Structures are given as structure tokens and as C-alpha cells.
1. How large is the dipole of the chain about the Cα centre if only Lys and Arg carry +1 and Asp and Glu carry -1, each at its Cβ, rounded to the nearest 20 debye?
2. Once you put a point 7 Å from the Cα of Ala211 and another 7 Å from the Cα of Val54, both along the Cβ direction, what distance in nm separates them?
3. In whole angstrom, note down how far apart the Cα centers of the range 19-39 and the range 118-171 are.
4. Please report the relative contact order for the chain, taking Cα pairs under 8 Å with a sequence separation of at least 6, and give it as a percent rounded to a whole number.
5. Considering only protein heavy atoms and a 1.4 Å probe, what is the carbon-and-sulfur percentage of the accessible area of the range 65-121?
6. I want to check the label-to-label distance for Ala166 and Ser65. Put each point 7 Å from Cα in the C-beta direction and report it in nm to one decimal.
7. Note the full-extension length gain between Arg241 and Leu34 as 0.36 nm times their separation in residues minus their Cα-Cα distance, in nm to one decimal.
8. Express the C-alpha Rg of the chain as a ratio against the empirical globular expectation 2.2 N^0.38 Å, rounded to two decimals.
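The values are calculated or read from the model by the stated rules, or taken from the named source; none is laboratory data. These numbers were taken from a predicted model, which means no experiment stands behind them. A quick note on method: Cβ atoms are made from the backbone with ideal geometry, for glycine too, and the neighbour counts reach across all protein chains shown. These area figures cover heavy atoms from the full protein model, side chains too; ligands, DNA and RNA do not enter into them. Shrake-Rupley method; radii C 1.70, N 1.55, O 1.52, S 1.80 Å.
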Amino acid sequence: MLNKVPEVTIFFWVIKIMATTVGETAADFLTFKLHWGLTNTTYVMSVLLIITLVFQFKARKYIPSIYWLAVVLISVVGTLITDNLTDHFGVPLVTSTIVFSIVLAITFAAWYASEKTLSIHSIFTTKRETFYWLAILFTFALGTAAGDLVSEDMGLGYWKSGIIFAAVIALVTLAFYKFNMNAVLSFWIAYILTRPLGASIGDFLSQSRHAGGLGLGTTGTSVIFLVIILALVSYLTKTRRDESPLES
């Protein structure tokens, strides 16, 4: 197989952040706006994710439409996992954040022990792809818990939380470009942090002004970001600008 994930370009990060935003707003839209409830929404989105991952694993190379659909769905499911733990089982966000941090660390440790690398530039075996998507799922669940912990439990609000996460990502970027921070480590730190950043953006745009948002609603926010994601993925499918050199 050729590498199954895109090159890390500006398009990658833009779509990733928008996908995390959709993960937050779409989960709320389906659960509350359409009255599916948390349980039914979790079942439906999990099934859709599994179906999409079947196509992703069967593909022999990176296909933008399948890959990014999987990312959007796994963003929704990751959000729902944390929401279920919080709302149905009463698990505190601090506990969820700690547990998902440990689970993610274990996933990375098992991945490295098996493959001797955590680089996303070498996802060309089924085993590595399995580790990759497990890590992605846990980064979304962790990011949801950490984002809600900072914005809600700590009372900082959505826009302040977004600024904090953006500032930390900026520091990681600076450390990578100016101080030679390890590329794999800086990538995964940024990947984790873009989840709460995207969630903060989504909540700020969708929540009512009374709750500290702009009041665009989950419907409007989800539609806007999905349209942008679709446009970018269509562009990448046509231009192949995010494929690795060996695939072009």
C-alpha cells in the first residue's frame, strides 16, 4: 500500500480544525435539535464511522473523500464518547481527561513498541493504520474532555479557551520551526490541541449570546463548516496537493 494519510500542509490543519468544530456542533445538533438523544446519536454515528473505516482500510492509498469523512465522523464519535461518560455515567471531566491521556499514551507506546515509529508518513500497513485511527479516536475524546474542562468547569468561556489553545499551538509551532522540536512529537501535540480549539470555536459560534456565544446555532455552524470542508476536499481531490510525492 501507499501512504494512507495526507501530507501535513496548511490544508490538513484547516480541514482538521473545521472537522473538530463540526464534531462538536453536529453532535449537539443531532442529539438536541433533532431530538435523537445521546444514545441513539452515538449508535448511528458509530455505525457510520465503522462503515467509512471499512472503505478506508480497503483503499490502497490515500483518498481525500474517504479519509476526511472518517475524520469528521470520528470527531463526532469522540465527542459523543466523552459526552456519554459525563452525562450518562457522571464521570467528572478531570477524570475523563486523565483517563484518555493515559489511554492515548498506552496506544502510542504499543504503536512504537510494535512499529518503532509514530510518524504519519509511514502509514502503509494495516497494523500501522489501526494504531493511527485508534490514536485519532482517543485524541478527539481527550480533546473534548480537556476543552470542556477548561471552558466550562474552569469557567473561562469559549473564546478565552480558544485563545489559550491557539496560543499553546503557536508555541509548539515556534518550538518546531525555531528550536528543532521533534517533528513527530510536535505533530501529535498540535493534533491533540486542535480538538479543543475546534470545539471552542464551534461552541463560541453556535451557543446563544446568553451562554457566551454568537448565537449562530448548531445547524448554521455545522452547515457552514461542512460546506467549506467539502469545497477543500474537492479541491484536494482534483489537485492532489496533499498526496505524498510517491503517490503523485
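1. Once rounded to the nearest 20, the dipole reads 720 debye.
2. For Ala211 paired with Val54, the spin-label model returns 3.5 nm.
3. Using only Cα atoms, the two centres lie 19 Å from each other.
4. The normalised contact order for the chain reaches 30 percent.
5. So the carbon and sulfur contribution to the accessible surface is 73 percent.
6. Rounded to a tenth, the inter-label distance reads 3.4 nm.
7. 70.8 nm
8. That works out to 0.97 for the chain.
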